[in-house]
1. For the stretch 57-149, please list each of the strands (runs of 3 or more DSSP E) lying entirely inside it that holds at least 3 residues being in the same structural domain as SER16 (by TED's automatic domain parsing), of a type in the set (A, V, I, L, M) and surrounded by 14 or more Cβ atoms within 10 Å (Cβ to Cβ).
2. Using beta carbons and a limit of 7 Å, which pairs, at least six apart or on different chains, have the first residue in the stretch 149-170 and of a type in the set (Lys, Arg) and the second one surrounded by 12 or more Cβ atoms within 10 Å (Cβ to Cβ) and not in a loop (DSSP other than H, G, I, E, B)?
3. Taking GLN295, is it among the polar types (S, T, N, Q) and without any contact (Cβ under 8 Å) to a residue 40 or more places away in the chain?
4. For the stretch 33-48, how many residues meet the condition of being free of Cβ contacts under 8 Å to residues at least 24 places away in the same chain and not β-branched (Val, Ile, Thr)?
5. For the stretch 211-231, state whether one or more residues are more than 29 Å from ASP292 (Cβ to Cβ), of a type in the set (D, E, K, R) and touching a residue at least 24 places away in the same chain (Cβ under 8 Å).
6. Given the residues ILE78, ILE12, which is the only one that is farther than 18 Å from MET139 by Cα and out of contact with any Cys (no Cβ under 7 Å at 6 or more places or on another chain)?
7. On the given criteria, is PRO224 part of a loop (DSSP other than H, G, I, E, B) and either closer than 15 Å to THR253 by Cα or not assigned by TED's automatic domain parsing to the domain that holds GLN308 (or both)?
8. Out of the residues in the stretch 271-302 that are hydrophobic (A, V, I, L, M, F, W, C) and more than 21 Å from LEU258 (Cα to Cα), state the one that is surrounded by the most Cβ atoms within 10 Å (Cβ to Cβ).
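The values are calculated or read from the model by the stated rules, or taken from the named source; none is laboratory data. None of these values were measured; they are calculated from a predicted model. Note that each Cβ is placed from the backbone with ideal geometry, even for glycine, and that neighbours are counted across all protein chains shown.
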Amino acid sequence: MSRPSAGRILVIKLSSLGDVLMCLGAFQAIRAQHPAAELVLLTTRPYVELAEASGHFDAVWCDSRPRPLEVAGWIGLIRKLRRGGFGRIYDLQLSQRSAWYFRLLGPRWPEWVGVVPGCSHRYAPPAKPKHVMARHAEMLEAAGIARVPPPDLSFLTADLSRFGLPPRTALLVPGSSPHRQVKRWPVERYAELAKALAARGVTPVVIGGDAERAAAREITAVLPEARDLCGETGLPELAELARGAVLAVGNDTGPLHLAAMAGTPVVALFCRESDPVKARPPGARVAVLCRDSLQDLPSAEVVEAAEQLMQSA
């Protein structure tokens, strides 16, 4: 095993998109605190390109997230971490998985900033719910990092001319994690919202991955002038679309968080499966609408919230 070096630091953040985006400020703060260090991020495959583009890291390692009985995978991961010779590890994942990484790295532990018992810089999570970005800021402050800036998306740029979009657009985000269907507002309500936006001179633009193509087809069937960009945009394009949009409306999912960080007025739709106190999109102009079930959220209420945000812009 390589000897621990204060000049080599690991940051752990495995998923998900919204959570990784909300860590961009923490990444920047850690880099500012250790300007001469070799800074390495351990993340999962979907976020490697984003992390590399951010410019905060000297290297980005991909974690295959071995399952409990995948012994060879665990041995390979822990061996790689031990050989890394890290003098300090910042655990921004704050999960049972990353806690196991700490336990398996013993008995010669590096400095570890996180919540796991026995680590050198342990943060005690607050008794009451608190936003994840506030928790990260408190944890880093306890480790000597006084300020965490807001997430900076300036490194995400793209040319949107190929889409030929009109000047006034609103982003609709009908998707969410495939295994969390309960977090999705009914697509027929999105179609009603799209018609209301079009009546106000705003062109709805549906964004998402291939999994959202069916929802986009339903929306464009009701409103043919709506634009379907599902599967056609990466994160740079999404950030650029958000900068030019007058509004974004969507479920609690990564692309909506990105839109809020880009400064777009956002209407975020939350159900009982996610707590806006912990995970609301960060931004100055964010309206959160909550229901135990999003089936019970009428389109008229969303339209009203959208109108208020557009009028105040």
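1. none
2. Taking only residues 6 or more apart or on different chains, the pairs are ARG168/THR203.
3. For GLN295, the condition - among the polar types (S, T, N, Q) and without any contact (Cβ under 8 Å) to a residue 40 or more places away in the chain - is not met.
4. Within the stretch 33-48, residues that are free of Cβ contacts under 8 Å to residues at least 24 places away in the same chain and not β-branched (Val, Ile, Thr) number 2.
5. Checking the stretch 211-231: at least one residue is more than 29 Å from ASP292 (Cβ to Cβ), of a type in the set (D, E, K, R) and touching a residue at least 24 places away in the same chain (Cβ under 8 Å).
6. After ruling out the rest, the residue left standing is ILE78.
7. When the stated conditions are applied, PRO224 does not pass them.
8. LEU294
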